Amino acid sequence: MKKTLLTGIQPSGNPHIGNYFGMMKQVVDMQDEYTTLPFIANLHSLNTIQNAEEMKKNITNVVIDYLAIGLDPKKVTLFKQSDVPQTTELCWIFNTIVTMPYLMRAHAFKDAEAKNKEISVGTFDYPILMAADILIQDTDVVPVGKDQQQHVEMARDIAEKFNRIYGETFKLPEAIIKKEVAVVQGTDGQKMSKSYGNTIPLFTSEEETEKIVMTIAMDSKGIEEKKNPDDYNLYKIAKLFVNKEQDTEIRAMFENGGVGYAEIKKYTAKIINDYLRPMREKRKELEKNPERVLEILEKGGKIANERAEKKMMNVRKKCGLR
Ligand code: ADP
Ligand code: TRP
């Protein structure tokens with residue numbers, strides 16, 4: 001029996017290379033080995049996207065993104081969270097066993113609070129809905145970036161607590177976080193994130209990619225100085241894309257001195273564009289047939305819904321609801 005892999009991505013617009021290396025690529029790399037359930041976390045996204053047209057467009061786009069990077073809809077169950085409404089039912093049940101102080105420890109909540117943001121109940125409850133996503137599908141592993149680790153740990157805690165109260169029901173999921181790509185840095189050296197405006201989009205033109213790479217922050221060392229590539233954000237980004245030869249070449253540019261930053265950046269942009277070109281071309285093809293996206297989601301939604309319903313029958317019984 002294959003183990004189950006599940007992960008969610010919010011339909012929040014253009015994915016960046018941090019999303020790709022931190023999470024999306026893992027799903028593609030693991031799709032043969034696991035029963036794979038990637039889904040579009042559109043219910044989570046209602047906290048930020050409150051416009052039907054934008055929501056619909058973004059959902060179609062995420063599916064196309066995933067297909068373009070090599071996810072095979074014949075192998076995986078790709079679905080929309082909202083096609084599994086049992087998740088919100090389970091979320092409610094979890095709401096009744098999780099305490100406020102526990103949820104107040106969530107990083108996302110603490111960050112929002114520190115910034116004095118007005119926090120919706122949905123944002124506060126975010127980790128519980130995520131726990132329901134994971135646990136309702138009997139998930140073994142959850143590939144995510146480092147920033148989601150706490151949420152997966154919370155899902156484990158919630159599973160344990162439910163099992164303690166109502167008897168053995170849920171598997172304890174594990175996060176899979178690839179060390180080398182746990183945090184992909186943005187053009188300014190902070191974690192790459194849509195909310196920081198420091199991203200390199202996965203799907204954009206080659207010209208735009210080069211333009212963005214040219215803005216990566218460097219230092220004021222002279223051209224002739226020898227430099228350690230590992231000290232530079234530019235190299236850390238390039239390293240995600242290089243083959244062996246390119247790695248040797250770019251390291252030499254730093255280590256030997258004599259090459260200006262503009263030139264190293266141009267070379268990096270070329271490496272990035274070469275790597276991403278096939279996916280970008282595939283995406284352009286896929287864009288021509290959005291109906292296919294709807295078919296894939298419909299089929300995936302049915303399968304995910306059936307699995308969840310089976311699980312919920314058991315949960316309802318355990319809680320004395322049926
Ligand atoms: P963003 O911070 O840009 O809004 P999301 O929060 O939507 O990104 O993240 C989607 C997925 O991509 C998550 O699994 C997250 O851990 C991963 N991810 C996001 N940014 C990075 C990054 N800079 N490095 C590694 N993984 C990332
Ligand atoms: N919180 C995740 C993010 O922002 C998205 C998500 C929702 C998720 N439910 C999930 C990820 C379940 C993994 C498993 O990226």
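The values are calculated or read from the model by the stated rules, or taken from the named source; none is laboratory data. This structure is a prediction, so every number in the text was calculated from the model and none was measured. No Cβ is skipped: glycine too gets one built from the backbone with ideal geometry, and neighbour counts run over all protein chains shown.
Numbers below:
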{"quantity": "Among (1) buried (at least 16 other Cβ atoms within 10 Å of the Cβ); (2) near ligand 1 (Cβ under 10 Å from one of its atoms), the one test that Q190 misses", "calculated": "(1)"}
{"quantity": "Residue within the range 8-20 that is closer than 21 Å to I303 by Cα, β-branched (V, I, T), assigned by TED's automatic domain parsing to the domain that holds D140 and outside any helix (DSSP H, G or I) present", "calculated": "yes"}
{"quantity": "Test: residue in the range 263-283 that is surrounded by 18 or more Cβ atoms within 10 Å (Cβ to Cβ) and at pLDDT below 95", "calculated": "no"}
{"quantity": "Any hit, the range 125-146, residues being within 12 Å of ligand 2 (Cβ to nearest atom), surrounded by fewer than 17 Cβ atoms within 10 Å (Cβ to Cβ), of a type in the set (D, E, K, R) and not in a strand (DSSP E or B)", "calculated": "yes"}
{"quantity": "Of residues in the range 163-184 being crowded, with 22+ Cβ neighbours inside 10 Å and modelled with pLDDT of 95 or more, the one nearest to ligand 2 (Cβ to nearest atom)", "calculated": "P173"}
{"quantity": "Filter result for T248 (under 19 Å from G22 (Cα atoms) and at pLDDT 95 or above)", "calculated": "no"}
{"quantity": "Subset of the range 23-44 [within 9 Å of ligand 2 (Cβ to nearest atom) and assigned to a helix (DSSP H, G or I)]", "calculated": "M23, L43, H44"}
{"quantity": "Where V27 falls short, out of the listed (1) under 10 Å from the mean Cα position of the chain (by Cα); (2) within 9 Å of ligand 1 (Cβ to nearest atom)", "calculated": "(2)"}
{"quantity": "Spans of helices (runs of 4 or more DSSP H) in the range 72-120 with at least 3 residues farther than 19 Å from M313 by Cβ", "calculated": "100-103, 107-114"}
{"quantity": "Test result for T199, in contact (Cβ under 8 Å) with a residue 60 or more places away in the chain, away from ligand 2 (no atom under 15 Å from the Cβ), part of a loop (DSSP other than H, G, I, E, B) and surrounded by 16 or more Cβ atoms within 10 Å (Cβ to Cβ)", "calculated": "no"}
{"quantity": "Options E118, E153, E160; residue that is farther than 30 Å from Y232 by Cβ, within 13 Å of ligand 2 (Cβ to nearest atom), of a type in the set (D, E) and surrounded by fewer than 21 Cβ atoms within 10 Å (Cβ to Cβ)", "calculated": "E153"}
